[in-house]
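First the structure, in the form of structure tokens, and then the observations on it.
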Amino acid sequence: MSSEEALLGVENLTKRFGAVCPANGVNYKLRENQVAGIIGPNGAGKTTFFNLVTGLCIPDSGNVFFQGGDITRLSPQKRVQLGIRRTFQLASVFDNLCVVDNIRVAYYQKQRAGRPSLGGMFLTELVGVHSETIDELTEGMGFANVAHTEAGGLSLGNKRKLELAMAIIAEPKVLLLDEPFAGLSEMEISQIVEMLKNRCAGKMSILIIEHKITWLKDLVDRLSVLVNGELVADGTYQEALESPQARKSYWKLIEE
Amino acid sequence: MPRWLKRYGDILLVFGAVGLLRLALPVPFVIHAVIFAIYTMAFSFLIGRLGLVSFGQPVYLSIGAYGTGIYLARFGTNPYAGLFVGVVVGILFSLLIGSLLLRLTGDYFALANLALCAVGFFFFQKALVSVTNGDTGLWYLARMSSTPILNLRQPNNVFVLALILAVLVWLLMKYIDSSVYGAACLAVKGNETKLQLLGYDTFGVKWLAFVLANATAALAGALYAIYFGFVSPASMELVRAPEVIVAALLGGAGTLYGPLLGAFLYIAMQDLVSTHVLYWELFVGIMVVLIMMGDEKGITTWLKPIFRSGWQLVSRRPKITRTP
Ligand SMILES: Nc1ncnc2c1ncn2[C@@H]1O[C@H](COP(=O)(O)OP(=O)(O)OP(=O)(O)O)[C@@H](O)[C@H]1O
Ligand SMILES: [Mg+2]
């Protein structure tokens, strides 16, 4: 399959930080509506991979493709407008806005076809930004009671859920989740898994970085293992976990 | 209570009170304080809503003042036209400067503004001396023509105009607070990268805010220029940079009443203290330190509970008890 057929693809992506090489000639293609997982040890380059795809980080060499076009040099903002959204390993929301306002700001961009103009923003009342999806998500994430408190006061779990809500409300084409389950209770994780299955699967491609591997089992239809900036295994959940290379370079670390 | 009264009742109250102050206090004081309040509101918006601290605000104030002053001294005589010119010059200047300085962040932005202020002072005092008369300044009070309504040759009318403009600026700030744009400004302050990654043009958001705030500062400068009838480089001396910061923080940055309160308190203290104390600046310095020990919301943080309990005292109705 060539990059032109994949929704999102990277070719020979390389990035160095001094002696560290968190992306060493990575080739990866994500198909439409695919739900894929990426696992790997700490410092393997998983987050760096997301940074390269979202434009927070420019590769030393190699290219990033989206819908057949080369987006390697595009600004982060342009990539978002094309339909790539992500969450961060450290949940990133607007601490000084209340929970609904966070969601409203995220939704408004979608409402304005991805490109909110200054004039439009100026003339639109914030409380006027509402929709059934906002209500549904606020309800579904269990935010009904905290809707009007500042996001800075939320628990880590709630921040993560809020960030997720802000990402999926825009119905992106590709959703990149960086350790969405970290720091959450079992209950909260299964809530998020359900949310991803019901609301996102089949409508968008999802790429999930996780250390809590077993939670990916029912969720992903593909799993890759990244070690030292290189993809050492790629296949179904079972295949990836049983691949000899992955066992050698990743499981060894865990089993020891 | 009708809806408009609910929404704008507070502003009627506050500015009504300012209007009444005019009857009780010396005219020069209230005029000075109201114009200074406009200047402070603009800065408070920058720092409180956008998180941008600038140590060079006098330059934006003075650009407006010189726009008006040069027009009235060399080109026209109508003070309203002068006011208009001052604001337009302020807008153009902040459009240009914003496009350059907003690429800097945090402390660098604050210091670059300081440098800009120093450069501005040099220009108006030395480099453009043929236009600005250097330290002597431009004097045009006698040239200003009378207008049929709200004749600005009379200080009383300057007060009325300044009060009207202060209300309009206040309404603008209040409106922005309720708009998506206002939320975007706060979002820039809280987490600019995140806003970018939601597809927003954060530079545009900052640029517009910068221009709005500094054009408002220029408006204040233009009003000063008309009230005093002269302009000189003294208005952009670097030692004057902290005054608007102190006033904004005194009242509480990013709040709606804070800048008004801060401006009045500041000017009052300046008038009282500087007549008795030689080194008024020392006093300002100590105040800055004291304010910095509090937080961004300034004295309103401890005034609010006092007002609230005071209000409860006068509005107490015996039967209604509110459960928390
Ligand atoms: N901006 C940067 N500057 C310097 N080094 C960096 C930068 N970003 C990442 N690195 C380094 O690259 C390596 C990979 O980091 P990355 O965050 O991608 O790992 P990760 O796979 O996400 O790990 P974790 O599971 O701990 O989140 C690390 O050694 C990190 O220190
Ligand atoms: Mg990571």
Inset, instruction - May I ask you to give the solvent-accessible area per residue for chain A, in square angstrom, as obtained with a 1.4 angstrom probe? - result: 43
Inset, instruction - Please report the base-10 log of the normalised intensity I(q)/I(0) for chain B, using a Debye sum with one equal scatterer per alpha carbon and no solvent, at each q in 0.08 (1/Å). - result: -0.38
Legend entry - Accessible-area ranking of B:Tyr108, B:Tyr66, largest first, probe 1.4 Å: B:Tyr108, B:Tyr66
Inset, instruction - Over the alpha-carbon set of segment B:220-269, work out the extent along each principal axis and list the three values in angstrom, largest first. - result: 32, 21, 20
Legend entry - Size of electric dipole in segment B:3-238: Cβ of Lys, Arg +1 and of Asp, Glu -1, about Cα centre, debye, nearest 20: 440
Inset, instruction - In whole angstrom, note down how far apart the Cα centers of segment B:109-172 and segment A:217-250 are. - result: 69
Legend entry - chain B, accessible area per residue, ligands and nucleic acids excluded (1.4 Å, Å²): 48
Inset, instruction - Report, by chain and number, residues whose modeled amide H sits under 5 Å from the one on A:Ile38, excluding near sequence neighbours (fewer than 5 apart, same chain). - result: A:Ile208, A:Ile209, A:Glu210, A:Ser224
Inset, instruction - Would you mind giving the three semi-axes, in whole Å and largest first, of the ellipsoid equivalent to segment A:179-223 according to its Cα gyration tensor? - result: 16, 13, 9
Inset, instruction - Determine the share of segment A:1-126's accessible area contributed by carbon and sulfur atoms, expressed in whole percent, with a 1.4 angstrom probe. - result: 48
Legend entry - Rg/Rg_globular for segment B:160-212, with Rg_globular taken as 2.2 N^0.38 Å and Rg from C-alpha atoms: 1.35
Inset, instruction - For segment A:168-193 and segment B:9-26, compute the distance between their C-alpha centroids and round to whole Å. - result: 53
Inset, instruction - Return the value, in Å² to the nearest 100, of accessible area buried between chains B and A (probe 1.4 Å, both sides summed). - result: 2500
Legend entry - Candidates A:Met121, A:Met141, A:Met195, ranked by Gaussian network fluctuation over chain A, Cα under 10 Å, top entry: A:Met121
Legend entry - Dipole magnitude of the protein assembly as shown, debye to nearest 20 (Cβ charges: Lys/Arg +1, Asp/Glu -1, about Cα centre): 1440
Inset, instruction - For segment B:184-237, build the convex hull from the C-alpha positions and give me its volume per residue in Å³. - result: 88
Legend entry - A:Ser190-B:His276 pseudo-label distance in nm [points 7 Å out on the Cα-to-Cβ vector]: 7.2
Legend entry - Fraction of accessible area attributable to carbon and sulfur, chain B (%, probe 1.4 Å): 70
Legend entry - Hydrodynamic radius of the protein assembly as shown per Kirkwood, over alpha carbon pairs, in Å: 27.0
Inset, instruction - Write down, largest first, the equivalent ellipsoid semi-axes of segment A:52-127 in whole Å, where each equals the square root of 5 times an eigenvalue of the alpha-carbon gyration tensor. - result: 27, 16, 9
Legend entry - Kirkwood-based Rg to Rh ratio, segment A:5-80, C-alpha trace: 0.95
Legend entry - Calculated FRET efficiency for the pair B:Asn151/B:Val239, C-beta based, R₀ 45 Å, to 0.05: 0.85
Inset, instruction - Once you've got the GNM for chain A with C-alpha springs shorter than 10 Å, pick whichever of A:Leu30, A:Leu118, A:Leu74 has the biggest mean-square fluctuation. - result: A:Leu118
Inset, instruction - Taking the convex hull of the Cα atoms, report for segment B:1-155 its projected area averaged over all directions, in nm². - result: 12.3
Legend entry - Using distinct alpha-carbon pairs, which all enter the 1/r mean, Kirkwood radius of chain A in Å: 19.0
Inset, instruction - Indicate the residues belonging to segment A:94-132 that lose 40 Å² or more of solvent-accessible heavy-atom surface (probe 1.4 Å) upon moving from the chain alone to the assembly of all protein chains, ignoring ligands and nucleic acids. - result: A:Phe94, A:Asn96, A:Leu97, A:Val105, A:Leu118, A:Met121, A:Phe122, A:Glu125, A:Leu126
Inset, instruction - Please identify, among A:Val193, A:Val129, A:Val227, the residue showing maximal mean-square fluctuation in a Gaussian network model of chain A using a 10 angstrom Cα cutoff. - result: A:Val129
Inset, instruction - Express the Stokes-Einstein translational diffusion coefficient of segment A:102-159 in µm² s⁻¹, to the nearest whole number, given a Kirkwood radius over alpha-carbon pairs, 10 °C and a viscosity of 1.306 mPa s. - result: 126
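The values are calculated or read from the model by the stated rules, or taken from the named source; none is laboratory data. Every value quoted in this text rests on a predicted model; they were computed, and no experiment measured them. Heads up, the Cβs are rebuilt from the backbone with ideal geometry, glycines too, and the neighbour counts pull from every protein chain shown. Protein only, heavy atoms only, side chains kept; ligands, DNA and RNA dropped before computing areas. Shrake-Rupley method; radii C 1.70, N 1.55, O 1.52, S 1.80 Å.
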